Every structure is written in structure tokens, then in C-alpha cells.
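This report concerns only the one structure given below.
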Amino acid sequence: MVHTCGMAKKSNSTVRPSKSISELLRLPEGPVNMASLDPAGRPGYPGHGKSDADGYTAAIGPILADLQERLFANGKSTPVDAKRVLLVLQGMDTSGKGGVITHAVGLVDPQGVHIKGFKAPTPEELSHDFLWRIRNALPDPGMIGIFDRSHYEDVLVVRVENLVPVSEWDGRYDLINTFEAELAAAGYLIIKCFLNISPGEQKLRLAARLADPSKYWKYNPRDVNAHEKWGAYMEAYKDALERCNTDAAPWYVIPSDRKWYRNWAIAEILKEQLVAQGFTWPAANFDVAAEKARVAAI
Ligand code: AMP
Ligand code: MG
């Protein structure tokens, strides 16, 4: 898919995109050509660029916070019927999964967010099937769950590093589709974002980490090994994007060479997807008039 960028023209006025950001960045179902996914694009961005991105992202905040509070309220009030949101963040090292959590997810009340990062599995996790630890980390009703990496690692790093035989990882795409369809049917709103960076940008970000002692903690020498296997990772991403891209659990491809665009785009998609749910405030489960009278009489 080529991300079109009808909004690139410079103008002082705010230009409204003809399509929503969800529509612009939704990966169409069908064959995926990784080379056609532009990591530096800025589809649908309404402003000039980096200089005004903080303002555009901040402007999403109150709307997103209101939607999240409605979701949360419904989770408290009617947990059986309440939606749960699952935002899956996948991308190569330095693509900015943490940055998205800070700048986009950080726009809402942290009490309504459940963040889970997935590292190499522990011995206990390895003793179960690969979805076991994922099921254990799913958000409760009314919550926004954030996966910093996910079950997709089990068809990405696991495939590239030959951690299990091909016969095993190849069966996982169907298992993932079945799993995600079950979640969607059970009331999960699944939003999967592939944070697409270029190898050149990754090199710059790794170098920046090494140039600044306050960023050493973010640097992992193994990230360079993964960089050297870029082609193999992109083949694995291609299959994950192509084989697990359903209406129930769609992929969005987020151009991520520009951090400001990445953060704005994910905040906007989250907003659009929550707006589409049409959340209302839960009705009182008590007699409002009677309670008003009681409180007035205190
Ligand atoms: P980070 O997100 O930078 O803290 O790194 C987490 C590391 O855990 C990455 O190198 C991932 O590839 C690795 N990881 C996550 N899930 C798995 C998995 N299922 N199998 C093997 N390695 C994994
Ligand atoms: Mg890392």
C-alpha cells in the first residue's frame, strides 16, 4: 500500500483530510509489499509538521480522555457488556513503542490503562502455549490494554531466530486469527499498529542512544544483531501483516520515522475508533430523585 498524502500542501489554515486517519493508515487486506510502505510519510496530518504537532496531539487529549472515561464508566457499571480496548504496538527496536505510550496513551487517565510489555518468555511461559501469557494480560472490561510487543513476537523474532521449527511457527498465524476473532466476538476492540521505521532511522536512533549516557539504559547490543537481519525481519513482518489482517483485528501501518507524526497518528486513530463506538454514560442504578432528596436532607 502506498500511503497517499493529500494534506502535504503548506497552508496556514487547518486542512481536513477527506478520509479519516484510520482509513488512511488501515492496511488493506491482501498481499503486502513492504517496500511500498513509506516510513517517513505523514498522511492526513492537518498542520505544518513538527512545529505544531504538540498542539495537534494535545488537542486530541480532552476528547480521548472523555471517551476513555465513558469506556471506564461502562466497565464499572456493566462489566459484562462493556467493551475492552486492546492496542497492540509492534515495531523494530527504536520504532517508538514507549514513545507512543508516553505521548498518545498518556493523554488519558492512567487508571484506565493497563500496559503490558512482552520480553523473551520466562521458563514458566515457555511451558505453556504461546498465547497463554497473552490471555493472562488481557485488559478488564472498560480498560484500555496496551501491548508493548505481543503474540506477534512469536511469528517475528521466533521465526527470524529459528527459536521453534518452521512447522510450529507457520501454524501460529491461523491460531492468532482464531484467537483475535474470539476476542473481538467477546467485546474487545482490537487496534494493531505496526510502527514502520526505516533502517537508516533506526541506525540514527541507536547512535543517539550511544551518544548520550542518559540513554544507555535504552540501548541493547542485541538490537544491532536484529538490525543486521533487517531483511529477514521485514519478511516476517510482511507475513504477519498479510496473514493476520482481518476486520475483527485490523493492522494500521504507522509511518514512524517522524516521532511527532507517529504519536499524533496513533492518538487520532484511538480517538476515531473510540468515537465510532458511540459510548454513552451508564444510567444510574439507583433512584436519582430519591437520592437527591436524601443528600439535600443531610
Ligand atoms: P524490549 O522491548 O526492547 O525491552 O525487548 C524485548 C525483547 O524481548 C526483544 O528483543 C524481543 O524480541 C524479545 N521477545 C519478546 N517476545 C519474545 C518471544 N515470544 N520470544 C523471544 N523473544 C521475545
Ligand atoms: Mg529494546
**Request:** Would you compute the Debye intensity of region 155-298 from its alpha-carbon atoms alone, equal scatterers and no solvent, and pass along log10 I(q)/I(0) at q = 0.10, 0.17, 0.19, 0.21 Å⁻¹ to two decimals?
**Result:** -0.56, -1.14, -1.27, -1.32
**Asked** Arranged by the count of other C-beta atoms within 10 angstrom, fewest first, what order do TRP230, TRP169 take?
**Response** TRP230, TRP169
**Message:** Would you work out the Kirkwood radius for region 87-236? I mean one over the mean of 1/r across all pairs of different Cα atoms, in Å.
**Reply:** 16.8 Å
**Prompt:** In what sequence do VAL157, VAL80, VAL105 fall when counting other Cβ within 10 Å, fewest first?
**Reply:** VAL80, VAL157, VAL105
**Request:** With a 10 Å radius around each residue's Cβ, average the other Cβ atoms per peptide and rank 282-289, 256-263, 22-29, highest first.
**Result:** 256-263, 22-29, 282-289
**Asked** Which value in deg cm²/dmol, rounded to the nearest 500, describes the helix-derived mean residue ellipticity at 222 nm for the chain, given -39,500 (n - 2.57) per DSSP H run of n ≥ 4 and division by the residue count?
**Response** -13000 deg cm²/dmol
**Asked** Dipole of the chain, Cα-centred, from +1 at each Lys and Arg C-beta and -1 at each Asp and Glu C-beta, to the nearest 20 debye?
**Response** 980 debye
**Prompt:** Debye sum, Cα scatterers, the chain, no solvent: what log₁₀ I/I(0) at q = 0.07, 0.11 1/Å?
**Reply:** -0.29, -0.69
**Message:** Above 13 Å lies some portion of the pair distances; for region 229-298, what is it as a whole percent of all C-alpha pairs?
**Reply:** 79 percent
**Request:** Pull out the extension gain between GLU29 and GLN111, defined as 0.36 nm times the separation in residues minus the alpha carbon to alpha carbon distance; nm, one decimal.
**Result:** 26.1 nm
**Request:** Apply the Karplus parameterisation 6.51 cos²θ - 1.76 cosθ + 1.60, with θ equal to phi minus 60°, to every residue of region 120-129 and state each ³J(HN,Hα) to the nearest whole Hz, in sequence, with x for glycine and proline.
**Result:** 4, x, 6, x, 5, 4, 5, 7, 10, 5
**Complete:** When TYR56, TYR216 are ranked with the fewest other C-beta atoms within 10 Å first, the list becomes TYR216, TYR56
**Request:** Mind giving me the FRET efficiency for ASN177 and ASN136? R0 is 25 Å, r the Cβ-Cβ distance, nearest 0.05 is fine.
**Result:** 0.80
**Item:** By average C-beta atoms within 10 angstrom, highest first, the peptides 86-97, 183-194
**Value:** 86-97, 183-194
**Request:** With a Förster radius of 45 Å, plug the Cβ-Cβ distance of ASP129 and ASP81 into 1/(1 + (r/R0)^6) and report the FRET value to the nearest 0.05.
**Result:** 0.95
**Request:** Distance between Cα centroids, region 200-220 to region 238-298: provide it in whole Å.
**Result:** 33 Å
**Item:** Computed over the chain: relative contact order in percent, which uses C-alpha pairs under 8 Å that are six or more apart
**Value:** 30 percent
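Every number in this text was worked out from the coordinates using simple rules, so none of it is lab data. For clarity, every value in this text was computed on a predicted model and none was experimentally measured. Note that we place each Cβ from the backbone using ideal geometry, even for glycine, and neighbour counts take in every protein chain shown.
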